[in-house]
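Novice: For reference, the structure I am asking about is given below.
The values are calculated or read from the model by the stated rules, or taken from the named source; none is laboratory data. All values derive from a computational prediction rather than experimental measurement. We place every Cβ from the backbone using ideal geometry, glycine too, and count neighbours over all the protein chains shown.
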């Protein structure tokens, strides 16, 4: 488990030595901490394999803690950091999860020097760099861009049931009874955090990108009518989901759609990586996608990144790792398998040999759409808010009271200093 | 010997016992059949069917995946058990045969330590281990288990030694034996059953423990319970792996229980203070 | 008195005795010091932390003293509703877990006490789950309670329809009550208990004791009737709590694991009851049922009490089983132990985590301290 087996991927086409290979090879260990285990593993492993080729003297330890969206990993990681035993590098979502948790606690090293050396300032979109930076520096290296607001389905199944892809949540609610009568779950849902994930797509549809951003800037109250309306719609949508949701992982919820038990699923586009890499489905044929209802033209983004914690035991090996994963080469290895698009603007995202139909379409949207940040995946709100938002969701789920949920969310926002 | 009469009442008793036994063994059946299934064969609607064919691949995979953690658990359990047993034996000897003023206060105060929810000491414990450089590794966890094992080991040995007649101790004292002499020549030689009870008890407790393990060790020092919880709580799990893991995690304590059950029960009953 | 004539040897012996006493004390000392620090010192530190606003991951956090604010928030603040539901969860879980273990344990013990063949095999089967880790149990039962597999499809093995029980994914909450009514509910429970006690004292002709308890009951009742209970400050708005049906699966798993323990205790108790006692009752014409009702059960009462204490304190601090079985984030099956772990080690709100831990400690201490006190005192009297 610890040490990966020998290389499988042949990367002969990448013979031209980049600046990476010329660097003096570090040695020692490199412990990479992430929550990409199992089905999400192959992309990270491809990157690690390349790293081992470049730096054979480094022993890579791939420390994964399973649990989607890092729900379990975060507790383990924080415990280790507090215990003065940081891994060499760890996965962290760009945005408030990085800044509001780790940077304000002085746990990260400034990576300005690395961005200078690699010329990365021009290679990443400015909006993304902003999510990684404070006045004092830049704190991690992004490896990908994921989209949160995507709805997945199987085209052939929809045809069979005579259902169109809903353009709005009202459309969806209209077809919901039809599907239920046919014995199909209209919307597949999984464990806790996937409920929050669904909520953010519903909220984006209800508030629009401006309203969504205003919420996080503290310019809009959670008790406004349109926010309350979001909770109401959300409640109606929940009535169209499977009852055993809490026992399912996000993959199992996707499986329901693939197996024809459910019509739709709203999940980030790691679902595309799962369906192509693990399930071997062809994008467009085996599965179809659309922006989640009511969010056409808006790209709700999140980005996985890796940083250099203060006190990392193997600093040189870590910097070499960050160099690789930030480079266009590294991103083109990682992202085709992960289902995400590369963050590095120099990568080869239009190459159909590397990126499948889904990824290419996502890349087009990324270039043309309005960009907003994800709540559940750490971009717009700090973890204090995220933790307490789980309570808000619980209040809603147990009471189904939109006003109570809105009031509670407002209280949480104030306590967590949103926009403050 | 007279043959017992077959009465409807006795039939009913046996039927009830066999049904209940089947109920208690149901999870075991599930573990065994799932652990030896080919992952592709695991289908929610046929979970109760026997594996066809029996697939050892998954089990071997599980052994490989769990081996480092089994090793960690073994490295943790053996020293922690022995140390806490030795200290408990000494404490039990002192508290049963050398009662001093205040012992009646100290003993309950010590005992209280085995009932507390460990959450109530977890944060300072965490900081303390960090400050002495023992956070993250197995030595720190050994220390923790030795300390929090002291109340129960002391209790078991105290109750055990209380049954040694005081006259024996007095006679030895008159013969000139001192504190250590009495322990070495009188108490220790008859302590074997006590040690077996304590060692079995501590072994199962420490092997099965989770809260300290998950908060006080880093990834490479995780004992088996932490690894198992991660695997089972993870994503799109192929359930043959967690089941094989559950089997592996359970085997050592089960073996102890089956072969030394008598002592296990004694430890169990000792946990209720009076025995 | 022959003391004078023996004094040299006695003196030497006393001196040695003193030396031995010192040795004994010194041998005990390391354990005493370790436990003093690791139990009482750390509890003190946790309590202190719970009075501060310590949160965040900083190496040298700025920490302010805030008094009992964290406790106040836990019990009254809107957003800490999860903690209050956790207390309710713990209450119901403890209740049904105890009922399950005592009932099952007694049933098994009585069955095994009927002079059955293969008793040791049966005993081994009923007791083996005790040897397992809660994590193992949780992992297994998580799989068994999968809503679309496991127990639910068991009937299909004999050709029946599968069950549709949602188990731990159930969101149903029954026996709901308003948290604001809690002071009133507790007061009424106390009144009922006191009245029952008074009745018993009256039967025993203990007039004084009866008057005291009865008087206290009347006073508390008056306090409630005059609105005293309503004036106790709880949550600002009405807040519904109740029994989460999702716990049924967890109660079953916990009972499976620990009923063997009560069985072993009861069995030991049954074996300790002299045979003549039962025979005498039978000779007097008591039916088997009556023998149990009037002879055996009363004699087992001390064992029941011990089991209630030991199992009760386990269920009050339950953590691993639910962690493994339902996951840490499944709010319907949350308990204080898990909330404390998440609050302190994932949310990094250490002060609040410490406050939850202290509440847990108090709950356990309320059960354990009187038990230790009475058990050890009766031991000294013996």
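Novice: Taking the options A:179, A:187, name whichever one is surrounded by 23 or more Cβ atoms within 10 Å (Cβ to Cβ) and touching a strand residue (DSSP E or B) at 6+ places or on another chain (Cβ under 8 Å).
Specialist: Working: A:179 fails: surrounded by 23 or more Cβ atoms within 10 Å (Cβ to Cβ).
When all the criteria are applied, what remains is A:187.
Novice: In this structure, is residue C:135 without any contact (Cβ under 8 Å) to a residue 24 or more places away in the chain and within 14 Å of chain B (Cβ to nearest Cβ)? Outline the logic, then answer.
Specialist: Numbers: without any contact (Cβ under 8 Å) to a residue 24 or more places away in the chain: no; within 14 Å of chain B (Cβ to nearest Cβ): yes.
No: the conditions fail for residue C:135.
Novice: From the list B:175, B:220, which one is surrounded by fewer than 20 Cβ atoms within 10 Å (Cβ to Cβ), more than 13 Å from the chain's Cα centre (by Cα) and closer than 20 Å to residue B:248 by Cα?
Specialist: B:220
Results for (1) surrounded by 21 or more Cβ atoms within 10 Å (Cβ to Cβ); (2) part of a helix (DSSP H, G or I); (3) facing another protein chain (nearest Cβ under 9 Å), shown as yes or no for each residue.
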{"site": "C:309", "(1), (2), (3)": "no, yes, yes"}
{"site": "C:318", "(1), (2), (3)": "yes, no, no"}
{"site": "C:352", "(1), (2), (3)": "yes, yes, no"}
{"site": "C:361", "(1), (2), (3)": "yes, yes, yes"}
{"site": "C:365", "(1), (2), (3)": "no, yes, yes"}
{"site": "C:373", "(1), (2), (3)": "no, yes, yes"}
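Novice: Could you pull out the residue among C:57, C:28, C:79 that is assigned to a loop (DSSP other than H, G, I, E, B) and buried (at least 16 other Cβ atoms within 10 Å of the Cβ)?
Specialist: C:57
Novice: Let me ask something else about it. Of the numbered conditions (1) in a loop (DSSP other than H, G, I, E, B); (2) buried (at least 20 other Cβ atoms within 10 Å of the Cβ), residue C:116 fails exactly one; give the number of that condition.
Specialist: Only one criterion in (1) in a loop (DSSP other than H, G, I, E, B); (2) buried (at least 20 other Cβ atoms within 10 Å of the Cβ) is unmet by residue C:116, namely (2).
Novice: Next up: Looking only at the range B:209-233, count every residue that is more than 9 Å from chain C (Cβ to nearest Cβ) and either in contact (Cβ under 8 Å) with a residue 12 or more places away in the chain or touching a helix residue (DSSP H, G or I) at 6+ places or on another chain (Cβ under 8 Å) (or both) and tell me the total.
Specialist: Here is the first cut: in the range B:209-233, the ones more than 9 Å from chain C (Cβ to nearest Cβ) are B:212-213, B:216-223, B:227, B:230.
Retained after the next criterion (residues that are either in contact (Cβ under 8 Å) with a residue 12 or more places away in the chain or touching a helix residue (DSSP H, G or I) at 6+ places or on another chain (Cβ under 8 Å) (or both)): B:212-213, B:216-223, B:227.
Qualifying residue count, the range B:209-233: 11.
Novice: Next question, about the same structure. Residue C:378 is checked against (1) away from chain B (no Cβ under 12 Å); (2) more than 18 Å from the chain's Cα centre (by Cα); (3) closer than 29 Å to residue C:263 by Cβ; (4) free of Cβ contacts under 8 Å to residues at least 12 places away in the same chain and fails just one. What number does that condition carry?
Specialist: (1)
Novice: Then there's this: Those residues that are assigned to a helix (DSSP H, G or I) and modelled with pLDDT under 50, I need them from the range A:1-53; list them, please. Write out each step before concluding.
Specialist: Taking the range A:1-53 and keeping what is assigned to a helix (DSSP H, G or I), we get A:19-22, A:38-53.
Listed by number, the residues that qualify are A:19, A:20, A:21, A:22.
Novice: For residues that are away from chain C (no Cβ under 11 Å) and part of a helix (DSSP H, G or I), scanning just the range A:366-384, find the one that is surrounded by the most Cβ atoms within 10 Å (Cβ to Cβ). Break it down into steps so the answer makes sense when it comes.
Specialist: First pass over the range A:366-384, keeping only residues away from chain C (no Cβ under 11 Å): A:366-381.
Within this subset, residues satisfying the condition of being part of a helix (DSSP H, G or I) are A:366-368.
Details: A:366: 18, A:367: 13, A:368: 9.
Looking at residues that are away from chain C (no Cβ under 11 Å) and part of a helix (DSSP H, G or I), I get A:366.
Novice: Can you say whether residue C:142 is touching a residue at least 40 places away in the same chain (Cβ under 8 Å) and in a helix (DSSP H, G or I), as far as the supplied structure shows? Give the steps one after another, and end with the answer.
Specialist: Details: touching a residue at least 40 places away in the same chain (Cβ under 8 Å): yes; in a helix (DSSP H, G or I): yes.
Considered against the rule, which asks whether it is touching a residue at least 40 places away in the same chain (Cβ under 8 Å) and in a helix (DSSP H, G or I), residue C:142 comes out as yes.
Novice: Let me ask something else about it. Considering the range A:64-90 alone, what residues qualify as being in a strand (DSSP E or B) and buried (at least 22 other Cβ atoms within 10 Å of the Cβ)?
Specialist: As a first pass, look at the range A:64-90 and keep what is in a strand (DSSP E or B): A:64, A:89-90.
A:89, A:90, listed by residue number.
Novice: On to the next question. Just wondering, is there one or more residues in the range C:89-105 that are surrounded by 20 or more Cβ atoms within 10 Å (Cβ to Cβ), within 14 Å of chain B (Cβ to nearest Cβ) and over 17 Å from residue C:261 (Cβ atoms)?
Specialist: Scanning the range C:89-105 turns up at least one residue that is surrounded by 20 or more Cβ atoms within 10 Å (Cβ to Cβ), within 14 Å of chain B (Cβ to nearest Cβ) and over 17 Å from residue C:261 (Cβ atoms).
Novice: Which one of the conditions (1) in a helix (DSSP H, G or I); (2) touching a residue at least 12 places away in the same chain (Cβ under 8 Å); (3) within 14 Å of chain B (Cβ to nearest Cβ); (4) under 30 Å from residue C:353 (Cβ atoms) does residue A:99 fail to meet, given that it meets all the rest?
Specialist: (3)
Novice: Checking the conditions here, which among C:251, C:168, C:151 is in contact (Cβ under 8 Å) with a residue 40 or more places away in the chain and within 14 Å of chain B (Cβ to nearest Cβ)?
Specialist: Numbers: C:251 fails: within 14 Å of chain B (Cβ to nearest Cβ); C:151 fails: in contact (Cβ under 8 Å) with a residue 40 or more places away in the chain.
Unique residue meeting the criteria: C:168.
Novice: Go through the range B:125-142 and report how many residues are buried (at least 21 other Cβ atoms within 10 Å of the Cβ) and within 12 Å of chain C (Cβ to nearest Cβ).
Specialist: Looking only at that region, the number is 3.
Novice: Now, a different point. Which is under 23 Å from the mean Cα position of the chain (by Cα), surrounded by 18 or more Cβ atoms within 10 Å (Cβ to Cβ), touching a residue at least 60 places away in the same chain (Cβ under 8 Å) and within 14 Å of another protein chain (Cβ to nearest Cβ), of A:108, A:151?
Specialist: Working: A:151 fails: within 14 Å of another protein chain (Cβ to nearest Cβ).
The match here is A:108.
Each row is one residue, and each column tells you yes or no for (1) in a helix (DSSP H, G or I); (2) more than 30 Å from residue C:119 (Cβ to Cβ); (3) free of Cβ contacts under 8 Å to residues at least 12 places away in the same chain.
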residue: C:237; (1), (2), (3): no, yes, no
residue: C:241; (1), (2), (3): no, yes, no
residue: C:258; (1), (2), (3): yes, no, no
residue: C:281; (1), (2), (3): yes, no, no
residue: C:294; (1), (2), (3): yes, no, no
residue: C:298; (1), (2), (3): yes, no, yes
residue: C:304; (1), (2), (3): yes, no, no
residue: C:314; (1), (2), (3): yes, no, no
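Novice: Follow-up question, since we're still on this one. Looking at B:186, B:200, B:206, B:152 in this structure, which one is within 21 Å of residue C:135 (Cα to Cα), more than 10 Å from chain C (Cβ to nearest Cβ) and either touching a helix residue (DSSP H, G or I) at 6+ places or on another chain (Cβ under 8 Å) or part of a helix (DSSP H, G or I) (or both)?
Specialist: Criteria check complete, one pass: B:206.
Novice: Which condition number in (1) under 21 Å from residue C:92 (Cα atoms); (2) out of contact with any strand residue (DSSP E or B) (no Cβ under 8 Å at 6 or more places or on another chain) is the one that residue C:185 fails?
Specialist: (2)
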